[in-house]
């Protein structure tokens, strides 16, 4: 490593920094630091002028390290790195020091102390910079095809979207037919239409699409590789087929809870809302006079705390339908809280009330109780408004139960390194900012496998996931920031600790091929899988694995600098 | 008397801690006499495990100011040193007072008076007679204390010693005359002490570079520093800097030929690549190289390394094997 | 090897804070953007994940004489790398107990959760920890020489 | 400790002769009857050197690393604790299970040399042999025999040993030992330390660790310290100064304790090796206790069990806001 020649650029940021921190003093101090060949102040280092000043200095003082003390790397690091690159300096020979957010802005009343702190932060940055090494970013091609797991409405929407944009799509559906749970419904709320009208066109479009290959009935057996290069093998009707894709969209849906409550499964006249819809659709529902519906059955309770979101509307839909079929019938809807948000949902609820559906609120500490021999004949419920327990005659009891995660989510999550949370539903990378991506690059999520969603939401998520997935497919290339881990096979003892802590299975034990170490079992990092968290580096007992840009030497040199050690 | 000594000098004497070792004491009451030989030899009194050589200061102009760290050092007295340790100092003199003079060591040597304590008993690991050491004698000390039962026989062997005795004359009574024979009587306790044959061992070692003898020992050795750090004659050290913003210091500290990085070079090359090579080095240094240079063996038979080696590598055993030819050098 | 310290009338601690890039560091940035004023004794070192901080380095920092070391990461469950802070948490439990066991005030090593949106919490933590450590006085580890 | 040297010898002899093993790691008599030395056999011819008795303290497991690259299969004898460190070596892929043959020897306690000499007021040269007699040892002296209670002369770690029988082995020599009667609270020592005030703790460890001479015997003898290049030996970064002072000694012992966290099997070798008698187990046991209490983890039992610091539970204790 050539003797470090560090350039330190201290930014006034107008008065943001210069107004509090004595920048000239910091510059003078920086000049005295080890390996600093040049230090200067800039009014705005990020300005055109500042950037060209950096480039000039690299040239003029033959700098091989650059330290900028200004704002935050989270916004400005790319700018300064590319400035270095333009001047022919490897962008990873740049170190950022934050003396604005972390200093001048938070110590406005203490100019002297802020200046001292700024000096120390610069000292720490310089100390680290001395050890920085040039890095090459890992690049790999993207295979221009995608896999969608799940042929429900969300999956089909995603598949069509991808295919219409010109990419090959493998659609994997575990049932023998496309359409998912939607086809089991009787009608769709707010528009009161038969779902078939909606779905069948989409199923046709998918089935006939030249770029969509439907695997059915099929299940994913194995997935290996990383964004751009996934190798997938599926079991298709007993046949093993494998193919390559660049991105994966998970849209496997959810299932409806079958409760062990209110005599469900014992009495013939106790159904879930979904059972009811199937009976209606097949015309199998017999006569009824007194219908009681109970919401939140098995939902929003300690062991299953979440709200399933679609049940209220479903229940209201079917309650109204009962009245429609038999206006003489008494229809009671027992609820804990009604989720009828938005414009047309609220209207839909009012209409149901108009139609004569009776809404009775119950609470978790006073659950409805059913009675009757063979079948349920009455439901007792404590009515809050009347402040008394009332008994409702009942010949049909319908339970609104929540959507629950599919049983194979865990297995799939292991295969895809896509995390699950919320008691088994899949978990996106960021609850707000990255709603349809997984933390694992190149894998996306849509529909009710994430959380209970209605048709509209599922379709929207399908489209969203597809267009997110399209970004790498269009770029055709992934670049990985060169802060990934590297192993020194001479020191590595192959204990495998790194392989155990790595969340992305980027580290693995291999036989070493380097001359002199042939056959030695050592860890090896797949830069494409590595996301640069550095967990392995912290866990490695003897520093054999290091995170580029955050090596032990670099971090310790900062700690030592702060402690006044050189 | 020890109290008085502690007043006048830096008194170093055996103290009972986790184990008995030589320490600076303020009063006689801290001193224990219930020992055969302290765990750590007296070597650290002259050659401390860590010793600052000089300090340097640095100002913004990066100019260095250097000041030697040697404190003039009050003269000191070591009480209770045994014959083996006393001999080891004579051996270390050959190193630190050879063609290169080590003033740090020599100053302390000069300011120190050795008060020996004669041995009339020994540990199973003692074998100092092997090296012509009489554990009950005062050959290498300034003053020798011999416990002859109800009193000590005190003899001075050097001017330093005589001077000190005179200075503290008040503490000493006239001889009653029977001390000599009382001492001779107590010497009986030394009968049966190990005395190994070391005649021509250096040459015998010379034939032992190759051969399987060291294989097992090399495998057995853990490469820890117990033997070298406890050894009164081992004297290797390393030098390093502490560098702070405002200055720093250069210090030296014990090092051990048992450690891999002892001979590790920046290139990553290591001339003594395995523990066998390092073990071999240690015994060859003691039983050959040192002899080649100084015509003495670098061992005084104190037995510390034997007693404390966790895998029972036994220099007495090795000397025996080499001399008797069991080691395969014949 | 007494490290010469300039005599100060009132004790100003030196506190190191390792901040994970995604939550704590962003939280610290937000605190700055929001102009939350706080003590000047804390220095931040950015790491990508709180799980990158080796316990050895925390020990080294305290031995160097720093008066306190903080590790700030995402709240459990929010780790950008999904698991990092859980591993950090386990290490921290062991380290903190070990330090206390040999007589080092537990306050000198702290693990805290600060999200990208918790600028206020970041400054609160800085204040709280600075107060705690100022109350403790200098880290005597540095004097064990 | 019913198995005798003779039984062991016949067993190992057979293993050599039926070609099961090419090397064997065992004990031979050392400088005196209270010492043994590790010995390495390459065939049955020197089988007579092998001994097995209540002074066989050394944990031989680490020597397996030295035989990693010799052709053939290496045999080794392991007590309960030694076997547990073998489990740790296997967990960390340091040895190949198929290339080692493990002769388990159930162990009902090892003699603490110093305690024995103290209690009996003798010198090692007077001792001819020590025999295991269940709750006591039969010590044969140059002049007659004496019996001595185990509780008085056992090594400290043996007094809290819960694994007298090897968890992993290929063959067992000698009958398995039922739970040792004297075994008390494993952690009384730790609890006593935890009960001290911060000030007292500091004073205690400052006194103890200031005596450390950094000979690294505790590290080098430790069966789970398997790094080819230890971080303490690195030049860049320098984790520790070569200068021997309390500050750096603390760094050394803290990092050491942390590195064996969840791996230490309390074989007591570090403490046995320490020439300065520093109570290292007092540190290791603390971490062991925390691992058990926080993560319900015990090292050296099951090769399949994932090391506690490489995994987590979402519902782990969270005392950090």
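The values are calculated or read from the model by the stated rules, or taken from the named source; none is laboratory data. The structure displayed is predicted, hence computed values, not measured ones. Using ideal geometry, Cβ is built from the backbone for each residue, glycine included, and neighbour counts are taken over all protein chains shown.
For region A:331-347, the criterion of being surrounded by 15 or more Cβ atoms within 10 Å (Cβ to Cβ), in contact (Cβ under 8 Å) with a residue 60 or more places away in the chain, under 20 Å from residue A:381 (Cβ atoms) and under 33 Å from the mean Cα position of the chain (by Cα) is met by no residue.
Which residue out of A:201, A:164 is out of contact with any strand residue (DSSP E or B) (no Cβ under 7 Å at 6 or more places or on another chain), at pLDDT below 95 and farther than 22 Å from residue A:255 by Cα? Within the list A:201, A:164, the selection yields A:201. In this entry, residue A:232 is excluded by the filter for residues that are at pLDDT 95 or above, closer than 27 Å to residue A:403 by Cα and not assigned by TED's automatic domain parsing to the domain that holds residue A:504. When the strands (runs of 3 or more DSSP E) confined to region A:443-561 are screened for residues that are closer than 23 Å to residue C:45 by Cβ, those reaching at least 3 such residues are found at A:545-547. Taking the condition within 9 Å of chain C (Cβ to nearest Cβ) and crowded, with 18+ Cβ neighbours inside 10 Å, does residue D:243 pass? When the stated conditions are applied, residue D:243 passes them. Within region D:252-291, the set of residues being over 12 Å from the mean Cα position of the chain (by Cα), in a loop (DSSP other than H, G, I, E, B) and within 14 Å of chain B (Cβ to nearest Cβ) comprises D:274, D:275, D:276, D:277, D:278, D:279.
Looking only at region D:292-301, how many residues end up being out of contact with any helix residue (DSSP H, G or I) (no Cβ under 7 Å at 6 or more places or on another chain) and part of a loop (DSSP other than H, G, I, E, B)? Reasoning before the result, please.
Within region D:292-301, the first condition is being out of contact with any helix residue (DSSP H, G or I) (no Cβ under 7 Å at 6 or more places or on another chain), and the residues that meet it are D:292-293, D:296.
Now drop any that are not part of a loop (DSSP other than H, G, I, E, B), which leaves D:296.
Here the count works out to 1.
Being closer than 22 Å to residue D:38 by Cα and over 22 Å from the mean Cα position of the chain (by Cα) is true of residue B:213.
Scanning region A:116-137 for residues that are more than 9 Å from chain C (Cβ to nearest Cβ), closer than 30 Å to residue A:167 by Cβ, surrounded by fewer than 17 Cβ atoms within 10 Å (Cβ to Cβ) and in contact (Cβ under 8 Å) with a residue 12 or more places away in the chain turns up at least one hit. Does region A:264-278 include one or more residues that are surrounded by fewer than 21 Cβ atoms within 10 Å (Cβ to Cβ), free of Cβ contacts under 8 Å to residues at least 60 places away in the same chain and more than 30 Å from residue A:380 (Cα to Cα)? No, the conditions are met nowhere in region A:264-278.
Would region B:156-171 turn up any residue that is in a loop (DSSP other than H, G, I, E, B), surrounded by fewer than 17 Cβ atoms within 10 Å (Cβ to Cβ) and under 21 Å from the mean Cα position of the chain (by Cα)? Break it down into steps so the answer makes sense when it comes.
Of the residues in region B:156-171, the ones in a loop (DSSP other than H, G, I, E, B) are B:157-158, B:168.
Still in the running and surrounded by fewer than 17 Cβ atoms within 10 Å (Cβ to Cβ): B:158, B:168.
If we keep only those that are under 21 Å from the mean Cα position of the chain (by Cα) as well, we get B:158.
Yes, because at least one residue in region B:156-171 is in a loop (DSSP other than H, G, I, E, B), surrounded by fewer than 17 Cβ atoms within 10 Å (Cβ to Cβ) and under 21 Å from the mean Cα position of the chain (by Cα).
The set of residues from region D:16-43 being farther than 27 Å from residue B:310 by Cβ and crowded, with 18+ Cβ neighbours inside 10 Å comprises just one member, D:16. None of A:469, A:460 is under 30 Å from residue A:306 (Cα atoms), more than 14 Å from chain C (Cβ to nearest Cβ) and crowded, with 22+ Cβ neighbours inside 10 Å except A:469.
Among the residues of region D:207-222, what is the count of those that are under 13 Å from residue B:17 (Cα atoms) and out of contact with any helix residue (DSSP H, G or I) (no Cβ under 6 Å at 6 or more places or on another chain)?
So the first thing to find is which residues in region D:207-222 are under 13 Å from residue B:17 (Cα atoms), and the list is D:207-212.
Within this subset, residues satisfying the condition of being out of contact with any helix residue (DSSP H, G or I) (no Cβ under 6 Å at 6 or more places or on another chain) are D:207-208, D:211.
Counting residues in region D:207-222 that are under 13 Å from residue B:17 (Cα atoms) and out of contact with any helix residue (DSSP H, G or I) (no Cβ under 6 Å at 6 or more places or on another chain) gives 3.
Please tell me if residue D:19 is within 30 Å of residue A:494 (Cα to Cα), outside any loop (DSSP other than H, G, I, E, B) and more than 14 Å from chain A (Cβ to nearest Cβ). No: the conditions fail for residue D:19. Only one of the numbered conditions (1) farther than 22 Å from residue C:32 by Cα; (2) assigned to a helix (DSSP H, G or I) is not met by residue A:38, and that is (2).
If I filter region D:207-232 down to residues being facing another protein chain (nearest Cβ under 7 Å) and outside any loop (DSSP other than H, G, I, E, B), which single residue comes out as nearest to the chain's Cα centre (by Cα)? Full working, then the answer.
Kept after step one, since they are facing another protein chain (nearest Cβ under 7 Å), are these residues of region D:207-232: D:211, D:213, D:215-217, D:220-221, D:226-231.
This time we only want the ones that are outside any loop (DSSP other than H, G, I, E, B), so: D:217, D:220-221, D:231.
Working: D:217: 13, D:220: 12, D:221: 9, D:231: 23 Å.
Of everything passing the filter in region D:207-232, D:221 is nearest to the chain's Cα centre (by Cα).
Only one of the listed residues (B:121, B:93, B:102) is within 14 Å of chain D (Cβ to nearest Cβ) and over 22 Å from residue B:199 (Cβ atoms). That residue is B:121.
Let's see how each residue does on (1) outside any strand (DSSP E or B); (2) touching a strand residue (DSSP E or B) at 6+ places or on another chain (Cβ under 9 Å); (3) under 30 Å from residue A:474 (Cβ atoms):
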| residue | (1), (2), (3) |
| --- | --- |
| A:243 | no, yes, yes |
| A:252 | yes, yes, yes |
| A:258 | yes, yes, no |
| A:274 | yes, yes, no |
| A:284 | yes, no, no |
| A:287 | yes, no, no |
| A:297 | yes, yes, no |
| A:312 | yes, yes, no |
| A:324 | yes, no, no |
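Return a yes/no flag: does region A:52-65 have any residue that is more than 8 Å from chain C (Cβ to nearest Cβ) and under 30 Å from residue C:36 (Cα atoms). Looking through region A:52-65, none of the residues is more than 8 Å from chain C (Cβ to nearest Cβ) and under 30 Å from residue C:36 (Cα atoms).
The criterion of at least 2 residues that are surrounded by fewer than 23 Cβ atoms within 10 Å (Cβ to Cβ) and more than 12 Å from chain D (Cβ to nearest Cβ) is met, among helices (runs of 4 or more DSSP H) falling completely within region B:220-330, by B:275-284, B:290-294, B:315-324. Among residues of region B:289-308 that are at positive phi, those with a beta-carbon under 7 Å from a residue that is assigned to a helix (DSSP H, G or I) and at pLDDT 95 or above at least six positions away or on a different chain give the pairs B:301/B:84; B:301/B:128; B:301/B:130; B:301/B:131.
The strands (runs of 3 or more DSSP E) falling completely within region A:74-153 that include 3 or more residues that are within 29 Å of residue A:563 (Cβ to Cβ) map to A:94-98.
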